[in-house]
1. Among S202, M119, F21, flag the residue with its Cα farthest along the positive direction of the charge dipole of the range 15-431, charges on Cβ as +1 for Lys/Arg and -1 for Asp/Glu.
2. In the range 86-145, which trypsin sites (Lys or Arg not before Pro) fall in coil by DSSP and have 13 or fewer other Cβ atoms within 10 Å?
3. Rounded to the nearest 20 debye, what is the charge dipole size of the range 170-322 about its Cα centre when +1 sits on each Lys and Arg Cβ and -1 on each Asp and Glu Cβ?
4. With Cβ to Cβ distances under 13 Å as the rule, what net charge do the other residues near Q35 carry (K, R +1; D, E -1)?
5. Could you tell me what percent of the DSSP beta bridges with both partners in the chain are antiparallel, to the nearest 5?
6. Going through the cross-link list K106/K133; K117/K402; K47/K391, which pairs have a Cα-Cα distance over 22 Å in this structure?
7. Cross-link candidates for K192: which aspartates and glutamates have Cα within less than 19 Å, leaving aside residues fewer than 8 places away along the same chain?
8. As a check on your grasp of the helix formula, calculate [θ] at 222 nm for the chain: sum -39500 (n - 2.57) over DSSP H runs of n ≥ 4, divide by the residue count, round to the nearest 500.
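Please treat every number below as a calculation from the coordinates, not as lab data. Since we're looking at a predicted model, the values are computed, not measured. Note that we place each Cβ from the backbone using ideal geometry, even for glycine, and neighbour counts take in every protein chain shown.
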Amino acid sequence: MKNFILSPKHDHQSLLFPKDFLWGAATSAHQVEGQNIHSDWWNWEIKHQPIDKRSGSADNQYNLFEDDFQLLASLGHNTHRLSIEWARIEPEEGDFIASEIEHYKKILSSLKDKKIKIMLTLNHFTLPLWVSKKGGWTNSQTVEYFIRFIKTIIPSLSPLVDFWITINEPNVLVWGGYIEGSWPPQQKSFLKATQVTWNLASAHRKAYDLIHKVIPNAKVGIAYNVSSYNALHKDNIKETVLEWSMNFFGNHFFYQLTGKTHDFLGLNYYFNRDIDFEGKSQLPQLFDVRKAKKEVSDLGWEIYPQGMFEILMDFTSYQLPIYITENGIASTNDHRRIRFLLSYLTEIYHAIAAGADVRGYIHWSLIDNFEWAEGFEPRFGLIEVDYQTQKRIPRSSAFVYKKIIESNGIPHNLLKLLGHGIDVKKEMEAIL
Ligand code: BGC
């Protein structure tokens, strides 16, 4: 009998990602800068939130940005996603503050000096208070105010920006402010939700055209909060119809409204939704994940790495480059964050192998920060923040991520860290 020697097709040393893959982390201005006093959120926090749930000084990144950027560069990041705060630049209608634009120029230049690529978000949930007093995104005039704001900052900032994200998660903004109503301006109204969706789509389209007019080869997109939807009983027709419609309205509808105005897809992936139609209720139900023995984050969000694969394969139909612009976990248990990182990245690796054109992964978040209505308790950072002293302490997950970035992929020995109940410290010492 012939002797077969099986030779491996590759060296099996690591799960390699495509060349020039972008690796980094994200933040948003209101969540990290502190003292964003001219914004609608600040005003709402003072009126509706207990003191310990107000943003206050947040991470004081407005002043400490240089330290934070040195840290992220030392952790190997080659890209950073951050936002600029409209409320600082135009605190009163038409009154643009040159020194604040200069401040953001300094911020972006500091990243550029460190050879970090910049993804700049132009609107990450907050509005200047004066805009919100005029009806915020329910008012179609806000689109024009937003465009005027972008026109004003473009001359100073555009040479520094690699990727433009016009609006962060329009769907979450609509949900929080106008459907569930737990976020400012807390106006539960289907009509308003529709107006806001329409105006946000129009704001994106106009911003896309404006930026391209000034910088023809600019890369412009949005960061969209996508969810994976799963009918729990595949033979149940009602569930599968609902799965399709939730996927359409939840994930794709905004792209229908904004047509071809995307140079890339920015996807923020956090949620899996299981659809259950077999209960007693005649109404469709989302399966309550807390009833199942599934792993969840400190916010009760299901850990479902396969959803990343499903989403990426679903979005390949747009034939556009994809960047994961947010993905992360609220956890005070850093081993859980390490498992999260490795398992979600492994799914991205498989999706790329299956044809998805994924070009970057931006983790949420670089540092612990102000988690909106939840305050400071949820800990999303690769870097821990002691809010008493503003001291930054990189977590082990930050070093695991560094190793991944250095390898442009997942070294096989890191996969050991996917195990539960292992001595992470000991394993890490051996690996890093
Ligand atoms: C938002 C972030 C937020 C994160 C975690 C995303 O929806 O863009 O601002 O902190 O999720 O909740």
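1. F21
2. Qualifying residues, ordered by number: K115.
3. Dipole size: approximately 520 debye.
4. That works out to -3.
5. Just about 25 percent of them are antiparallel.
6. K106/K133; K47/K391
7. Within reach: D40, E144, E169, E180.
8. When only DSSP H runs of four or more count, the value is -11500 deg cm²/dmol.
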